[in-house]
Amino acid sequence: MSSRHLSQSTDRYPTRLDTQIDPIAREEPTVWGSAANGPLAAADLDSMASNGYMVRRDAVEAAWLPALTAELDRVAATADPWDPRIIREPGGSIRSVFQPHLFSDLISEVVTLDTVLPVARQLLGSDVYLHQARINMMPGFTGTGFYWHSDFETWHAEDGMPEMRAVSCSIALTQNFPYNGSLMVMPGSHRVFYPCVGATPRDNHASSLVKQEIGVPSHATLTAAADRHGIDQVTGPAGTALWFDCNIMHGSGSNITPYPRSNIFLVFNSVENRLLAPYRAETPRPEYLAARTSQPFSATALTT
Ligand code: 6CS
Ligand code: FE
């Protein structure tokens, strides 16, 4: 890939604007590696390229799940109330914990599983590093969702991510039913950038991680996008990995069922797509939301 996107004077993906502009076609590929580069077969790669997401069962073995769930509970129970990495719902329950791999060796082991890291490297066609990692916890009855958004829109505007060359891996630790706040995606929407209206306020992340209001498309834009792409709802048992492209339009509803929904959420970025200055924010977000110094996982991480 040329370095044409890496210049911030020519922003291919303008957003947080004063007025609405038309959707912009994506230039970068979704899948950067080939079948020879990792565990995914050509058909998996083709499906990821056209849908922008894929579901892989048993990414974490069933035998691991009780220990991982206990680890999530331990991290939540021992969290320092003043730690900015702990995001709470207005009612006080924990919504997200950022950098969980630094709180827990067990969680950090998930990152380098054969079902995780080699897949990220294959999809992005390079060495990768963790751009962001979090646990999301959506309790039964009171859990609230995430409004429709493209992650890349935020990572570009607020974190200075130059290109669409990042991928998220969300590993379910509870069963995802259609009715407990499971993720909805618009398949194919990853190939379109939907610019948003509204400037980034100072310290936007102080509120956006509980309720995102900036960097979300208008109702008219979302209606057109849903009409064009449709909506898939992603369900599956605990241990399932949902991989999704950084630019796919996605969101989730609230969870009023008794069944909690929690997941470990890992964002891998290509080492060739390191963060620059934010495109549409005055200051970069903290390291725990958008890593600038984290070490890449090279191929050798897979054999040690
Ligand atoms: O802030 C982030 O990095 C992520 N969280 C939210 C609520 N929206 C954008 C992105 O997915
Ligand atoms: Fe998201």
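Read-outs: derived from the displayed coordinates by stated rules, not from any lab. What you are looking at is a predicted structure, and each value in this text was computed from that prediction instead of being measured. Cβ sites come from the backbone with ideal geometry, for glycine too, and all protein chains shown count toward neighbours.
Out of the residues in the stretch 168-209 that are charged (D, E, K, R) and farther than 25 Å from P118 by Cα, which is nearest to the chain's Cα centre (by Cα)?
The extreme case among them is D203.
Conditions: (1) closer than 30 Å to L68 by Cα; (2) within 15 Å of ligand 1 (Cβ to nearest atom). T235 meets all but one. Number of the miss?
(2)
For a quick check of your reading of the model, give me the residue pairs whose first member lies in the stretch 208-228 and is closer than 15 Å to G251 by Cβ, whose second is in a helix (DSSP H, G or I) and of a type outside the set (V, I, T), with beta-carbon atoms closer than 6 Å and at least 6 apart or on different chains.
Taking only residues 6 or more apart or on different chains, the pairs are G215/E153; A225/S189.
Here is a list of conditions, (1) surrounded by 17 or more Cβ atoms within 10 Å (Cβ to Cβ); (2) farther than 20 Å from T235 by Cβ; (3) of a type outside the set (K, R), and L68 meets all of them except one; can you say which number that is?
Result: L68 fails condition (2) only.
Which residue pairs have Cβ atoms under 8 Å apart, sit 6 or more places apart or on different chains, and have a first residue in the stretch 162-178 that is charged (D, E, K, R) and a second that is within 16 Å of ligand 1 (Cβ to nearest atom)?
E163/N273; R165/C246; R165/N269; R165/N273
For A42, state whether it is over 22 Å from the mean Cα position of the chain (by Cα), over 17 Å from P139 (Cα atoms) and of a type in the set (A, V, I, L, M).
yes
So, of the residues in the stretch 151-167 that are within 8 Å of ligand 1 (Cβ to nearest atom) and under 12 Å from the mean Cα position of the chain (by Cα), which turns out to be nearest to Y129 (Cα to Cα)?
This residue is W155.
Here's the yes/no breakdown for (1) more than 11 Å from ligand 1 (Cβ to nearest atom); (2) among the charged types (D, E, K, R); (3) farther than 21 Å from G52 by Cβ:
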| position | (1), (2), (3) |
| --- | --- |
| N204 | no, no, yes |
| S208 | no, no, yes |
| K211 | no, yes, yes |
| L222 | yes, no, no |
| D227 | yes, yes, no |
| P260 | yes, no, yes |
